[in-house]
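The values are calculated or read from the model by the stated rules, or taken from the named source; none is laboratory data. It should be emphasised that the depicted structure is a prediction, and the values quoted were computed from it without experimental measurement. Methodologically, a virtual Cβ is constructed for each residue, glycine included, from the backbone with ideal geometry; neighbour enumeration extends over all protein chains shown. When the accessible area is computed, the model is the full protein with side chains, heavy atoms only, and any ligands, DNA or RNA have been set aside. Shrake-Rupley method; radii C 1.70, N 1.55, O 1.52, S 1.80 Å.
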Amino acid sequence: MSAPDAGRREQVIGTWEGKTFDVRDHSTDPVPADAMSGGITIDGLTKRYGTVTAVDDLTFDVEPGVVTGFLGPNGAGKTTTLRMLLGLVTPTAGRALIDGRRYAELTEPRRAVGAVLEATGFHPGRSGRDHLRILALAGGIPGSRVEEVLDRVGLADSGHRRVGGYSLGMRQRLGLAAALLGEPKVLVLDEPANGLDPAGMADLRDLLRDLADEGHTVLMSSHVLSEVAQTVDRVVILAGGTLRYAGPLTELTAKGETLEAAFLRLTSAPDTDPATGATTAPAHR
Amino acid sequence: MHTLIRTEALKLRTVRSPWLLLAASPLLMIAGVSGLVVSTGTDKALDTAAQSGALAHVGVTSILTLVFGILAVAGEYRHKTITDTYLSTPARGRVIGAKLVVHGVLGAVSGVLSSLVGLGVAAAWWADKGVSFEWSDSSMWTTIGGGISWNAAFAAIGVGVGALVRSLVGAVAVALAWVALVEGIVGQLIGDLARWLPFNAGRALGAGTEAMTTADLLPRWGGGAVLAVYTVVFAVLAVTTSVRRDVS
């Protein structure tokens, strides 16, 4: 991992004959959330449920400073991959790392990673504000952040209401507020556009763009290819649990092909197809 | 661990359903004690044995703390908040540990409140009948102590059942069917061994040895020891299975 080393160079405390040395052993130091590079590394990641292989030897990187779209047909293994990244599902083989660490090894996970997952829920009898207060308390985040994120996602006036009375779009906004609570370096979003109206969609797009421009890592799965085409810089495409493409969006659509056409071509072809292999390998390296 | 315990307490404070459930315990006490007095009628005196019988209802309310405990983990699966819980605290064993502590303590608190209500109602009935209530009766106080312990143990066992079954409806159904049906039917099949089953152990500890069952019960200390073993076994199973399982 090169990125964490870059961070450590600033902590050099020894010099000798004009050369500088990092005389401390930092290998066991906790990485403070604000010193994270925020890169995501998926390395040989595999998940089998009995005889079914949901995710098959997946390898790709997600870089900070750009929005990465995570695409694939239903059942491609997107959600399982994200759940393995977040430590909710144990991989059968391989690793999913954030800043070189497994999720469970992060010292302050809520400050390092914010996640919006499709299967995340809320107690219908609890207010949106109380939901966030619980996450702030558990995550070691100051309570003042609760009002800030409610305001950020446009729920300031609805925070006191029970979530049972929220619309789907409001729940998505609350999920987003929860993800932003710890001001994390890395954002992982599973279908965040679901249920959002056009205004909410535009807000989300602006938010993700801003975060990426500030150097955050943004990984977002989506079905809505037209939305993805407007929002993301890079794409990772899965089908049948295997990687079909990982690289810049511009490279995918360079020959005048639309994202949709490229997506359909990549996800319908078997992964042994030489054409796919040729497209995948150089783009990923 | 301190933060986790405060988090679990905040989760409970921000919803109503668990409190509505626990609020049923004092109501059960009022109904149970009054029912006992009314059915006693005039032919039988209200004596110290009747006092213990009345306060034995404290133990029976542990059925409610059992369901209260089940809500801890199975309720989080039901509303899919378990994902956020584990994202905040990837050390799942500590989360379950905090739930066991908070629910066990609140189970005991519920038992104390049930006891106070039961004592008040019983004393009022005794006064109404012109009988002096024997506050220093040690048998009544051990019945109350056993009942409170039974409440706490069943709350913790409930956390374990919920963590093992995960489906809220399934866990509640299994637990209530066990208490109401299985233990009775299986008990008849296995005879003397029935005294080792959890609800009968609770009865031995907190329901007094008379009137409430025909089964042969363990001595009070034996019932307490057996119930403690069940509690530890369920707590350990809750932690180990929660740490291993995928959340999806």
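Brief remarks follow.
- Restricting B:V58, B:V37, B:V95, B:V33 to those that are assigned to a helix (DSSP H, G or I), over 21 Å from the mean Cα position of the chain (by Cα) and at pLDDT below 95 reduces the list to B:V37.
- Condition met for B:S17 (touching an Asp or Glu at 6+ places or on another chain (Cβ under 8 Å) and farther than 30 Å from A:L189 by Cα): no
- Looking only at residues of segment A:125-137 that are closer than 14 Å to B:T3 by Cα and in contact (Cβ under 8 Å) with a residue 12 or more places away in the chain, we find that the one that is farthest from the other protein chains (Cβ to nearest Cβ) is A:A136.
- Flag for A:L189 being within 14 Å of chain B (Cβ to nearest Cβ), aliphatic (A, V, I, L, M) and either surrounded by fewer than 19 Cβ atoms within 10 Å (Cβ to Cβ) or within 30 Å of A:N74 (Cα to Cα) (or both): yes
- Residues in segment B:76-93 that are closer than 16 Å to B:V165 by Cα and either more than 8 Å from every other protein chain (Cβ to nearest Cβ) or touching an Asp or Glu at 6+ places or on another chain (Cβ under 6 Å) (or both): 4 in all.
- Scanning segment B:144-184 for residues that are among the small types (G, A, S) and surrounded by 19 or more Cβ atoms within 10 Å (Cβ to Cβ) yields a count of 13.
- Qualifying residue in segment A:113-124 (condition: more than 10 Å from chain B (Cβ to nearest Cβ) and either in contact (Cβ under 8 Å) with a residue 60 or more places away in the chain or of a type in the set (F, W, Y) (or both)): yes
- Residue satisfying all of: in segment A:195-222; in contact (Cβ under 8 Å) with a residue 60 or more places away in the chain and over 29 Å from A:G143 (Cβ atoms); surrounded by the most Cβ atoms within 10 Å (Cβ to Cβ) among these: A:S221
- Verdict on B:V105 being without any contact (Cβ under 8 Å) to a residue 60 or more places away in the chain, open to solvent by 30 Å² or more (accessible area, probe 1.4 Å) and of a type in the set (V, I, T): yes
- Note on segment B:47-60: residues that are under 11 Å from B:G32 (Cβ atoms) and either of a type in the set (A, V, I, L, M) or out of contact with any Gly (no Cβ under 7 Å at 6 or more places or on another chain) (or both) total 5.
- Comparison of B:A23, B:A45, B:A50 shows that the only residue that is within 19 Å of B:V109 (Cα to Cα) and of a type in the set (A, V, I, L, M) is B:A23.
- Some residue of segment B:14-23 being more than 14 Å from chain A (Cβ to nearest Cβ), within 17 Å of B:V102 (Cβ to Cβ) and at pLDDT 90 or above: yes
- Residue in segment B:213-225 that is at pLDDT 90 or above, in contact with a helix residue (DSSP H, G or I) (Cβ under 9 Å, 6 or more places away or on another chain) and among the hydrophobic types (A, V, I, L, M, F, W, C) present: yes
- Residues in segment A:57-111 that are within 20 Å of A:A212 (Cα to Cα), within 14 Å of chain B (Cβ to nearest Cβ) and among the β-branched types (V, I, T): 1 in all.
- Residue in segment A:65-79 that is at pLDDT below 95, part of a helix (DSSP H, G or I) and open to solvent by 30 Å² or more (accessible area, probe 1.4 Å) present: yes
- When segment A:46-56 is filtered for residues that are within 14 Å of chain B (Cβ to nearest Cβ) and open to solvent by 50 Å² or more (accessible area, probe 1.4 Å), the ones remaining, listed by number, are A:R48, A:Y49, A:G50, A:V52.
- Among the residues listed as A:G140, A:G169, the single one being within 23 Å of the chain's Cα centre (by Cα), more than 10 Å from every other protein chain (Cβ to nearest Cβ), without any contact (Cβ under 8 Å) to a residue 40 or more places away in the chain and open to solvent by 10 Å² or more (accessible area, probe 1.4 Å): A:G169
- B:L71 under 15 Å from the mean Cα position of the chain (by Cα) and within 14 Å of chain A (Cβ to nearest Cβ): yes
- Qualifying positions in segment B:159-191 - among the small types (G, A, S) and closer than 17 Å to B:V239 by Cα: B:G160, B:G162, B:A163, B:S167, B:A171
- Check on B:G59, away from chain A (no Cβ under 14 Å) and touching a His at 6+ places or on another chain (Cβ under 6 Å): no
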